Amino acid sequence: MQSVSSSRLAGIVGRLFALLASVLVTLLGLLALTFFIGRLVPIDPVISIIGPKAGEEVYRRVFLELGLDRPLWEQFLLYVARIARGDFGTSFVTNRAVLYDLASFFPATLELATLGLAIGVVTGVPAGVAAAYWHDRWPDYLIRLVGLVGYSVPIFWLGLVGLLVFYSRLDWVSGPGQIDVFYQGIVPPVTGSMLFDAALAGEWEVLANAFSHMVLPAFLLGYYSLAYISRMTRSMMLDQLSREYVLTARLKGASEFTVVMGHALRNAAIPLVTVIALSYGGLLEGSVLVETVFAWPGIGNYIASSLFRADVNAVLGGTVLVGAVFIFLNMLSDLLYQMLDPRSNLRHR
């Protein structure tokens, strides 16, 4: 009995060690990618700091301070050491620490992506179930067409059309930005999320105005998420509905609702956890275009504006942050999959 318990403990420790090693290797690869991208872009980091009119002596001094005279491998090690300390450098545009900028802009992206994911899950999962149940019938064709449009049409074009129709013509929603100028400065920043901060302060007019600004970009991200989630749900449900246990349940007289929702969807929900986590990471990563179109003060808009202004430190810092979040979501989805599916634990024993 004691040997079995020790073996199980050793297996858990081994899996945790393997997971940690995988995360560290992936993070190191991400840092290597961002570092070499920063070296390959045709932007002189010294000129970005001192400007094109500075003298040669100033240029040489800043060149040495940045360590650009050292071998490339040594520069990479210094870069990794700085990132490990939380030092992403200073933004040339805002003249603030990049880490401070990321902490300021990321909550707005998190807020928008979370609402978009909620819309995508609430609509995408039922749509995928319906498409699988009415396979090769008109509901299936309609849902697949809606998903195809979500995949094919550029999201920035949908954003521009949405602003033209729902903001400019119909005046159903507010326009670009996170909040009207009239309401700026009323709510003290606590969490960085305008909705939460307005609710905490009891400023319901500010909350309504912020929500009105968020509706259109959140629904666009939700539509993008719906296209992916509905397609994957449909595929997983088709696989489950073709299994023998579904036929057995029907032969025993179980209702269609019980068969589809109680059996097939319950089994399909386990791999759906990974799909939803990847969709969330995709929304955080792909919010650059949406935030640019809607002038949303999030991490995507921050990266885009920094890229146009040749602010290398800000671009690389934002890229590392988004990549680290994506890695964390992948790790979290793997852990949840193992917790929800007992068979995965048996395979590791």
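The values are calculated or read from the model by the stated rules, or taken from the named source; none is laboratory data. This is a predicted model, so every value here is computed, not measured. As a convention, Cβ positions derive from the backbone with ideal geometry for all residues, glycine included, and neighbour counts pool all protein chains shown.
For the range 181-190, the criterion of being outside any loop (DSSP other than H, G, I, E, B) and under 26 Å from Gly281 (Cβ atoms) is met by no residue.
Kindly establish whether Val173 is out of contact with any Lys or Arg (no Cβ under 8 Å at 6 or more places or on another chain), buried (at least 17 other Cβ atoms within 10 Å of the Cβ), in contact (Cβ under 8 Å) with a residue 40 or more places away in the chain and in the same structural domain as Arg231 (by TED's automatic domain parsing). It is true that Val173 is out of contact with any Lys or Arg (no Cβ under 8 Å at 6 or more places or on another chain), buried (at least 17 other Cβ atoms within 10 Å of the Cβ), in contact (Cβ under 8 Å) with a residue 40 or more places away in the chain and in the same structural domain as Arg231 (by TED's automatic domain parsing). Candidates are the residues of the range 305-326 that are within 16 Å of the chain's Cα centre (by Cα) and hydrophobic (A, V, I, L, M, F, W, C); the one that is surrounded by the most Cβ atoms within 10 Å (Cβ to Cβ) is Val322. Can Pro217 be described as outside any helix (DSSP H, G or I), under 30 Å from Phe328 (Cα atoms) and not hydrophobic (A, V, I, L, M, F, W, C)? For Pro217, the condition - outside any helix (DSSP H, G or I), under 30 Å from Phe328 (Cα atoms) and not hydrophobic (A, V, I, L, M, F, W, C) - is not met.
Given the criteria surrounded by 20 or more Cβ atoms within 10 Å (Cβ to Cβ), of a type in the set (D, E, K, R) and more than 21 Å from Ser104 (Cα to Cα), does Arg243 qualify? Here the answer is no, as Arg243 does not meet what is asked. Of all residues in the range 75-88, at least one satisfies being part of a helix (DSSP H, G or I), free of Cβ contacts under 8 Å to residues at least 60 places away in the same chain, out of contact with any His (no Cβ under 6 Å at 6 or more places or on another chain) and polar (S, T, N, Q).
Condition check ((1) assigned to a helix (DSSP H, G or I); (2) surrounded by fewer than 20 Cβ atoms within 10 Å (Cβ to Cβ)) across all residues:
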| position | (1), (2) |
| --- | --- |
| Gly192 | no, yes |
| Ala198 | yes, no |
| Val206 | yes, no |
| His213 | yes, no |
| Ser225 | yes, no |
| Tyr228 | yes, no |
| Ser235 | yes, yes |
